[in-house]
Amino acid sequence: MLNLINTFINSPLDQFESQTFFSIFTPFMDMNNFNITTFALYTFIVLFIIISLFMFTNNNNMIMGSKWFITQEMIYDTMVNTIKNQMGGKLWGFYMPFIYTFFMFILVSNLLSMIPYSFALTAQFVFIISLSFMVWLGMTIMGFYKHGLVFFALFVPQGTPLVLVPLLVLIEMMSYIMRSLSLGLRLAANVMAGHLLMIILGGLLMQFMSINILTTILGFIPLLIILCVVMLEFAIAMIQSYVWTVLMASYMKDVQYLH
Amino acid sequence: MNFCSLTLKSATKPLLTQGVRYVPISTNVRYLSSPSTPPPVKDPKTKAMSIIDALPGNSVLSKTGILGTSAAAAIYAISNELYIVNDESILLLTFAGFTALMAKFVAPLYKDFANARMNKVSNILNESRTRHVDAIKERIGSVSELQNVAETTKVLFDVSKETLELEAKNFELKQKVDLAAEAKSVLDSWVRHEASLRQEQQKQLTQSLLAKVESELSNPKFQEKVLQQSIADVEKLFSKLK
Amino acid sequence: MIFKRALSTLIPPKVVSVKHLTAAPNAKRINNVVGFYKLLPQGPAPKINNLSGPLGRYKAKYYDGENASGKPLLHLIGAIVVLGYSMEYYFHLRHHKNGEGEH
């Protein structure tokens, strides 16, 4: 029996490795950026899922959607309320589709990554942090475009004593710049930690269960614990996408209204 | 494999039987040790029937065929190391358990919720539709009161025709009366004129007579004549008295 | 004469006429409504499907109206597991068969 079970130990990080299916080689320039990789494949899967969530569930454009559509409505409603509460004012409507798009992408890719043998898009630090950096950079450019140099008022909280202003500006600016990193890092680190935890626990349990029949039977108790961890990870997958949305909306508020 | 057979309907079956069909491999590895050992149930027969029902296919024969084929495929896959049991297999198991739990407990809740919500919305829509239909019917009723308006109009038209004729006759008569009155007034004025003219003539006549008489009176011859006449009269009177 | 003029507006009687009925704004609205209802399809709604082909059939089976169910999720999970496992097998697992590739 034992020789049927894979006894070699993979690195737990193997699951985040992306493979290249298709690549273009030219002697003239580096075309690596156009490679079709696991990442690209799963991005397309996420795209297909999101599109199908909208195209399939509307019940052929009838007034009422199918039962599937109620989830869509709920998500949309939650997003509207969240962004409205976070941003306030009149401008939230302009940025709601933008933030909603991010939410849907992150939610679907998070949940998709929970399927075994799947690939976690949101655990790719390069991808997620560049995404958050792009969002941050775009918001900053928008802030300067909208407010000009008055944008720097963002770094001086109201009611600061004049003596403290230089120090506070420094600190606030640091924290503002760090937003670009922290927004993505939070999501990617959470997702990656969750997947690592699950795979490590799974590996440990695998080792334990493959000792003999008794441990195989006993192993079903820790299996329940892993089941709980899986549930927790599902919750985290949903909460992290929500957290991203809330933070993005609040950053957007800072940029739009400056306080 | 037999994955498509895992339906929501089958999800109402206990978790462990799901596990058997979900990951047949891992159970085989463990000599059908734990997940496949049926948990204590009251009626094993209905249990077995429910497991059989969960499988795709129509007859029991095809179902057993599917079961057998999938089991054989699983054994083949594992023994040939087509399926390699490793860390992810545990996650596959837990994920299957999670899916089964969701299908068993959360899916019915969601179904109820969705049905309630859809009923609510469709009730609102249906209500507004019936209200609209009622409004339209009311309007049709109010308009249909004017249904026999053509006949009424015809009658009214006749009446108006008659009125018009009477009016015309009336006008004619009135003109006749007017003409008669006018003629009368003209005649009257003529009469008056003639009367005044005669008066004038008489007046002139008397005046001329008076003037003539006066002129005659002033005439000595006439005076003489009158005198003689009066004398003659007086004589006559005297003769009579005698 | 005034009496006559008043009479002439009354004759012929203008109680109702087709022109009179349609000229009123309310009646015009009603006409629009009638036109609208004529345009509406009657009877039970036909079964329509925006998509054709296998995707449309899949949609009709699992998404539309009463058929809506969670099965597509299970199909998705199955597809992803098969895809992911086959990729895993192709890239990693087949190199470790029979404990050869222990490293």
What average number of partner chain Cβ atoms lie no more than 10 Å from the Cβ of the residues making up A:65-75? 6
Prolate/oblate/rounded label for region A:123-193 (Cα gyration tensor, a/c 1.5): oblate
Within a 10 angstrom radius of each residue's Cβ in A:107-116, how many Cβ atoms of other chains show up on average? Whole number is fine. 4
Heavy atoms only, probe 1.4 Å: what % of the accessible area of region B:83-242 goes to carbon and sulfur, would you let me know? 61 percent
Taking R0 as 45 Å and r as the Cβ-Cβ distance between residue B:234 and residue B:192, the FRET efficiency 1/(1 + (r/R0)^6), rounded to the nearest 0.05, comes to 0.40
Averaged per residue, the 1.4 Å probe accessible area of chain A, protein heavy atoms only, in Å², is roughly 51 Å²
Reciprocal mean inverse distance between Cα atoms of region A:1-158 - Kirkwood radius, Å: 19.7 Å
With point charges of +1 on the Cβ of Lys and Arg and -1 on the Cβ of Asp and Glu, referenced to the Cα centre of region A:23-254, which listed residue (A:52, A:138, A:228) lies farthest in the positive direction of the dipole? A:138
Both in Å, the radius of gyration and Dmax of the C-alpha trace of region B:95-242 are 58.6, 186
Which helices, counted as full DSSP H runs in chain A, have an axial Cα extent of no less than 24 Å and a Kyte-Doolittle average of 0.5 or above? A:38-55, A:92-113, A:125-147, A:165-209, A:220-257
D_trans [Stokes-Einstein, Kirkwood Rh over alpha-carbon pairs] for region A:67-194, 10 °C, 1.306 mPa s, µm² s⁻¹: 93 µm²/s
Roughly how large is the A-B contact in terms of buried accessible area, totalled over both chains, probe 1.4 Å, nearest 100 Å²? 3300 Å²
Residue A:215 versus residue C:52: modelled label distance in nm, points set 7 Å from Cα along the beta carbon direction: 6.1 nm
In peptide A:202-214, how many Cβ atoms from other protein chains are near each Cβ within 10 Å, on average? 4
Between B and C, buried accessible area summed over both sides at probe 1.4 Å, in Å² to the nearest 100? 2300 Å²
For region A:23-254, what is the convex hull (Cα atoms) projected area averaged across all directions, in square nanometres? 20.7 nm²
Two-decimal Rg to Rh for region B:52-161 - Kirkwood Rh, Cα set: 1.58
Span from the region A:54-104 Cα centroid across to the region A:169-203 one, whole angstrom: 26 Å
Carbon/sulfur accessible area of region A:23-254, % of total, 1.4 Å probe, equals 77 percent
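The values are calculated or read from the model by the stated rules, or taken from the named source; none is laboratory data. Predicted model only: the values in this text are computed from it and were never measured. Here Cβ is always computed from backbone atoms with ideal geometry, including for glycine, and neighbour counts include all displayed protein chains. With ligands, DNA and RNA removed, areas are computed over all heavy atoms of the protein, side chains included. Shrake-Rupley method; radii C 1.70, N 1.55, O 1.52, S 1.80 Å.
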